[in-house]
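The values are calculated or read from the model by the stated rules, or taken from the named source; none is laboratory data. Owing to the predicted nature of the structure, the values given are computational and were not obtained by experimental measurement. Don't worry about glycine lacking a Cβ; one is built from the backbone with ideal geometry, like all the others, and counts go over all protein chains shown. Surface accessibility is based on the protein's heavy atoms, side chains included, excluding ligands, DNA and RNA. Shrake-Rupley method; radii C 1.70, N 1.55, O 1.52, S 1.80 Å.
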Amino acid sequence: MNTFIYRSSFPIKKKELFQFHEDPIGFQTLVSGATGVKVLKAPKSLQVGEEVILEINIFPFWKKIWVAKHISYKKNEFFIDNQEKGPFLKFEHTHRFLDGADGGCILSEEIQIHFYFWTISRVFLLPILFLMFHKRHTLTGKHFGVKPKLIFCGYS
């Protein structure tokens, strides 16, 4: 199993960045940047047990229901959601909020991921994941009027 990591620094306080994710505007902002995604059930919070249901277009002719459940939460530190049903064999997403330099913070998105034919699919998934998280971090920065700085993107 591999972990995909996308980590950026933001020139804002960690508490503010976490609050953005905790508020409904955070989910709405991030989903608005995703093409081919229809929200069937939005989360009401980041609390353990909260569920998200999405309909995603894999190809124009193939749609898949994606159900994720929040499984762990610590205010201003992290929250974790786990795919209950969806396209991956495993997709556990940790959103980690770290202290950064000069009063800023770091958002580290860490995904334990497994997919069919992993030795081959991981190569094709890397640019897809990069583009998805780059867009998410850019939209987050835009909400605050700042530009995130990429620290790391890849598998560990």
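Key figures
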quantity: Filter result for Ser108 (touching a Leu at 6+ places or on another chain (Cβ under 7 Å), among the small types (Gly, Ala, Ser) and within 21 Å of Leu150 (Cα to Cα)); calculated: yes
quantity: In the range 1-28, the residues that are within 20 Å of Ile128 (Cβ to Cβ) and in contact with a helix residue (DSSP H, G or I) (Cβ under 7 Å, 6 or more places away or on another chain); calculated: Asn2, Phe4, Tyr6, Ser8
quantity: Enumeration of residues in the range 112-156 that are basic (Lys, Arg), open to solvent by 60 Å² or more (accessible area, probe 1.4 Å) and touching a residue at least 60 places away in the same chain (Cβ under 8 Å); calculated: Arg122, Lys135, Lys149
quantity: Residue check, Lys41 modelled with pLDDT of 95 or more, open to solvent by 70 Å² or more (accessible area, probe 1.4 Å) and either touching a Lys or Arg at 6+ places or on another chain (Cβ under 9 Å) or not β-branched (Val, Ile, Thr) (or both); calculated: yes
quantity: Meets criteria (touching a residue at least 60 places away in the same chain (Cβ under 8 Å) and either part of a strand (DSSP E or B) or out of contact with any Ser or Thr (no Cβ under 8 Å at 6 or more places or on another chain) (or both)) for Thr35; calculated: no
quantity: Residues that are part of a strand (DSSP E or B) and either basic (Lys, Arg) or more than 30 Å from Ile120 (Cβ to Cβ) (or both), drawn from the range 1-32; calculated: Arg7, Ser9, Phe10
quantity: Counted residues, the range 57-111 - those being within 25 Å of Lys13 (Cβ to Cβ), open to solvent by 70 Å² or more (accessible area, probe 1.4 Å) and part of a strand (DSSP E or B); calculated: 3
quantity: Test: residue in the range 134-142 that is farther than 22 Å from Ile65 by Cβ, part of a strand (DSSP E or B) and in contact with a Lys or Arg (Cβ under 9 Å, 6 or more places away or on another chain); calculated: no
quantity: Hey, Glu50 open to solvent by 50 Å² or more (accessible area, probe 1.4 Å), acidic (Asp, Glu) and without any contact (Cβ under 8 Å) to a residue 60 or more places away in the chain or not; calculated: no
